[in-house]
Each structure stands twice: as C-alpha cells, then as structure tokens.
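One structure below.
The numbers here are math on the coordinates, done by the rules we state, and not lab data. Quick caveat, the model's predicted, so the values are computed rather than measured. Every residue, glycine among them, receives a Cβ derived from its backbone with ideal geometry; neighbour counts consider all protein chains shown.
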Amino acid sequence: MAKPRVDETELVTTTTTTSKLVPVLHEKSAKNPIFFPALLVGLQAVFIILLGFHGDYGHEPVHVESHFPLPPNSLIMFPNGTKIRVGTYEPTGTPHRGISDFYAMFQDIHVMIFIGFGFLMTFLRRYGFSAVGYNFLVAAFVLEWAIVVRGYMFDYDPSTKTFPIDVERIIVADFVAAAVLISFGAVLGKVNPTQLIIMAFIEVLLQSANEFLGLRRYCAYDIGESMFVHVFGAYFGLAVSYMLYDKELTSIEAEQREKSVYNSDLFSMIGTIFLFCFWPSFNAGVAAAGDSRLRAIVNTYISIASSVLLTYICSCLFSKEKKFDMVHIQNATLAGGVAIGTVADKIVRPFGAMIIGSLAGALSTGGFRFVKGILQKFRAHDTCGVNNLHGMPGLLAGIIGIFLALFPANSLYTDNLLATCWNASYRTYLGQLAYQAAALGTTIAIAVIGGIITGIILRLPLLNDERPSSYYNDRTHWETPDDFHQDVTTALLPPQVEHHI
C-alpha cells in the first residue's frame, strides 16, 4: 500500500496510549466544483431581474390618519396593491399588523432558522462546517426565492404588476426556509452544495403551491405550519433520500463518520435550546393579534414543555441500561411544538395542550428508538431523524386538526374562511373536517411525489461526488484546519480495521 500523504490521514487513538496516523479511504476532491458558483450566479441574476420588475415595498399601516385627511376606517389602496385602513383599529377591534405587531416574532423565528436549525445538525463528528455552513447558505437562498415565488403566487396585483414585501411576508419566507431545512436534515451528509441548491429551488415551488392550495382553496387551519412545513419538509426529504440511497452508506467508512462525539453532541444541544425557547414565536408568528396569538403562545409553551418531560421518561424506559440517549434529548424534546402547531391558536385548553405535547414526546422518542432503523432497511436513510421530529408529530398535528373540526366552537374554523375558498359561503363543520383531511393528504402526496422527482434529478452523475469519501466529510468541499482529523477520544475506523490497514 502506498504511503499516504499527511493531508490524507487522521490522527486516531489506538487501544494503547499512543496515537497513529490512519489513511482516509479513497478521499477525493469535489467533482465539477465550478458548477456550484455558476449555478448560483445565474439564479441570483434571475432573482434580481424578477424583483426589479415586480417587487415593491409594502406599507407600514401605522398613524396613517395623520397623513390622509380621511374619516376613520377608510380603505386606502397603495400603488403596489397594499390595502390598509385609516385608524388605529379595524371595525372588529383588530389592531393593524405592521412592524410593531410582527418584528419581535420575526426576530425569534429568524434565530430559529439560522442558529436553531444550524446547530441542531452539528452532531456529526466530521460535518460541523457543512451543517452550519450549508444551513446558512440554503436558508439565505430560500429567503430570496420564497419572496419571489410567494409574491407571484399569493400577492401579485395585475393592475400594478407588482407584489408587496413587508415583515409578515418575510416571516412566511422563513417558514418556507424551515421546510427546506427539514428536508436538508434527511439528506444531511449525503449531498453537495450544488444538489442542495437544486433541491431547494424545486422544493420552494412545490411547498408554496401546496400551501396556496391548502390556505386559499381548502382554507385549512394550520397556524403553526405543522402540515405545510413540518410534514411537507419531512416527507419531501425522505423521498429525496430514498432516491439517493447508495450501498456505500453502509460502508465502514461512512458508518463511522455518521457517528457523533462528545463535543459535537454538545454543540447540537445549542440548537435544541434555541429552538425550544423560540418555538412559541414560530407557532404564533402570523396568528391574529389578540386572543388567537395569546392562545398560540400559551398552547405551544405548555405543549413543548410537556414533550420534554415525556422524552426524558421514554428515553430512560426504552434503554436497557435505563440511561438517557442524547439523540432523543436533542430532537424529541421539541416534538410538542410541532404537534400543537395546527391547532395552536384554537381553543384546546391548557390541559389539552399538555396531552398533545406528552403524546408527541412519547411518539417522537419511540420513532428514534424503533422506527428509524426500520425505515433504513427500506432504503429511506434519515440522517437527522426528521420523520421522528417533524414527520410523525406533524401527522399527529394534522389528525388533531381533523378531529377538532368536529367542535366548531373550539376550532373557530370560520375565522379561516376567505372569499377564495371552495364552498366558503356554505361550509359546515363536516365540510371543514373533509378539507382538513384533504390538506394533510395533499401535502403528503405532493411532498412524496415531488421528492421522488427531485431525487431522480439529483442522482445525475454530473451532480454527484465520489462515494463514500464525500459522505459526512467536510474536507470534500471545505478548507479544514490542521486539527480536523485530530480526535483523541475516538477513532475513525474500528481497531480491527486500523490494524488491518
């Protein structure tokens, strides 16, 4: 065997107190590295052109009466299509929804996207740069693309040929980014940045179309985006992962890199804590000001706390040694925030929120303990376990939403009906139940079919790197420091493999 270069080795600890250099098997640089910047430059140019032609500012509806000598509650149409009313309050008593109403929530959600999701995925021992760095890249890309797509899809005004951009709309763009980052979790370590951009580009289109159908046609309630973000993102990502499955994922080299170390798990907990603290803002971000937003915050607060307790209980009970599993604590503790999302602003009572959160914590922990391994036997390799944190709790949220429709006084479903809804003028609570079920079923169908098609595209040889050396490996696409392969706590390969080499 040829003597490896220094930059192709890892410093590992053997069974003795000494360390030695062990070759990294088949490590190669990225294929077609110029393709990524070329693709991104082209897409950025397209975004600039589209925003240049049709994007415009929204207007802040505060103190309008001081600028316009009109009677209170007069409707004003701005050139870009924004409609607001003069006066501090609408006739119904609902406050105007501007920066003062949204910006605090926007800050919390933005932190969740860039810090919470980013650090949650740093558990892989050799993939920390990629976890945080690609999270940053993908989220920023999706924010731009989602503003454009949703502008045309939801807000485009043919008379002015523009769509407005304001704080509420950039919050919704963050929601779209969350869906894509959830999908990223399913394929973490198995795709390169070019593939991620292509996946994100396609997913934004499909997720936005699905949400348009769910909100503007079905008029399903899902204030915390459990169906339209969590379920969609999880099963889109799993479908992509299924299509990208490769036997090299079971190689010794890939399996060893897929493991965590003490410090990487600790960094991942940073993401968990940030997500836990700010999840009430995620579920209440676009809720109607007043009692609806209050209920969304309180219900989420109680539900996610309950999922923490049940996660610790179940993690201990499911372990043969009756110990806690850090994978469960990093992820399943957040399941209550997902499971309450669909009905977060509805009247489910605090004890109901506690029951939902408890069920979600137990369900998610069970998923990590029992379901994840089963899925991998069927080629659905789920790196971060998004099915257990987002998929199954999201399905639970959708089912709870369907059930709650049986109680109109609690579901308040008429608050979600718009003039664009199908059968809006004569919709009964049974009709709403059917549309809630349709929204959940449509979301799963579009996510899975779209993910399969996207996975087929990403399998093109032009887009793939060498395997298995590129799996869970920062060195393929990042300049790494000298101590990248120095890990005095654990070896890349088992002792018997090191000895054989």
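Quick one: check the C-alpha center-to-center distance for the range 365-419 versus the range 272-287, whole angstrom. After rounding, the separation between the Cα centres reads 17 Å.
Applying a threshold of 31 Å to the alpha-carbon distances of LYS259/LYS346; LYS346/LYS377; LYS259/LYS322 flags LYS259/LYS346; LYS346/LYS377 as lying beyond it. Measuring nothing but how far apart in sequence close Cα pairs (under 8 Å, 6+ apart) lie, relative to its length, the range 366-489 scores a relative contact order of 16 percent. The 3J(HN,Hα) values that the Karplus relation (6.51, -1.76, 1.60; θ = phi - 60°) gives for the range 410-416 are, in residue order, 9, 6, 6, 5, 5, 5, 9 Hz. Gly and Pro appear as x. Take each peptide in 291-297, 171-177, 233-239, 276-282, count the other Cβ atoms within 10 Å of every residue, and average; sorted highest first, the result is 233-239, 171-177, 276-282, 291-297. Summary of the geometry: the range 196-243 and the range 464-481, compared by the centres of their Cα atoms, lie 29 Å apart. Each of GLN195, PRO158, LEU206 was scored by the projection of its Cα onto the charge dipole of the range 127-224, and the greatest displacement toward the positive side belongs to GLN195; charges sit on the C-beta of Lys, Arg, Asp and Glu.
Backbone phi angles across the range 457-466, fed through the Karplus curve with coefficients 6.51, -1.76 and 1.60 (θ = phi - 60°), yield HN-Hα couplings of 5, 5, 7, 4, x, 4, 9, 9, 9, 5 Hz in residue order; Gly and Pro are listed as x.
So who's got an amide H within less than 5 Å of the one on ILE165, skipping anything under 5 residues away but keeping other chains? H placed 1.01 Å off N, in plane. Sorted by chain and number, the residues that satisfy this are ASP56, TYR57, GLY58.
Could you sort 372-381, 244-253 so that the peptide with the highest average Cβ count within 10 Å comes first and the rest follow in order? Show your work: numbers first, answer last.
Values: 372-381: 14.1, 244-253: 16.5.
Put in order of decreasing packing, that is 244-253, 372-381.
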